[in-house]
Amino acid sequence: MQTAEVSTRQSVKLPANVSQRVQALAKAKGLSSSKVIADLVECGLAAKERQREHYFELAEQLGKSTNRS
């Protein structure tokens, strides 16, 4: 049995230029502004997680480095 994804309602204020860009993207893709915002947030969160993982990988490599002066 497949479980339904629960959504919550969030209210955010966007700068006018960002709002215009979201609306243009939504229109171009045939989606609602809410869906575009949700997709952008998901992509941003994923990018931040990749950035964090990359940082820790670099820190681990630096810690393992045998070339210490």
Whichever residue in the range 33-58 is under 17 Å from the mean Cα position of the chain (by Cα) and of a type in the set (D, E, K, R) and, among such residues, is most open to solvent (accessible area, probe 1.4 Å): R50
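Taking the condition of being loosely packed, with under 10 Cβ neighbours inside 10 Å and either within 17 Å of the chain's Cα centre (by Cα) or of a type outside the set (A, V, I, L, M) (or both), how many residues in the range 1-32 meet it?
Restricting attention to the range 1-32, the residues satisfying the condition of being loosely packed, with under 10 Cβ neighbours inside 10 Å are 1-13, 15-17, 28, 30.
Remaining after also requiring either within 17 Å of the chain's Cα centre (by Cα) or of a type outside the set (A, V, I, L, M) (or both): 2-3, 5, 7-13, 15, 17, 30.
The total comes to 13.
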Counting only residues that are of a type in the set (S, T, N, Q) and under 28 Å from V6 (Cβ atoms), the range 23-69 contains a total of 5
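Every residue, every condition in (1) of a type in the set (D, E, K, R); (2) part of a loop (DSSP other than H, G, I, E, B); (3) modelled with pLDDT under 95; (4) out of contact with any Pro (no Cβ under 8 Å at 6 or more places or on another chain), yes or no:
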position	(1), (2), (3), (4)
V12	no, yes, yes, yes
L31	no, yes, no, yes
A46	no, no, no, yes
G63	no, no, yes, yes
R68	yes, yes, yes, yes
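The values are calculated or read from the model by the stated rules, or taken from the named source; none is laboratory data. Model, not experiment: these values are computed from the prediction. Please note: Cβ atoms are built from the backbone with ideal geometry, for glycine as well, and neighbour counts cover all protein chains shown. Side chains included, ligands, DNA and RNA excluded: accessible areas come from the protein's heavy atoms. Shrake-Rupley method; radii C 1.70, N 1.55, O 1.52, S 1.80 Å.
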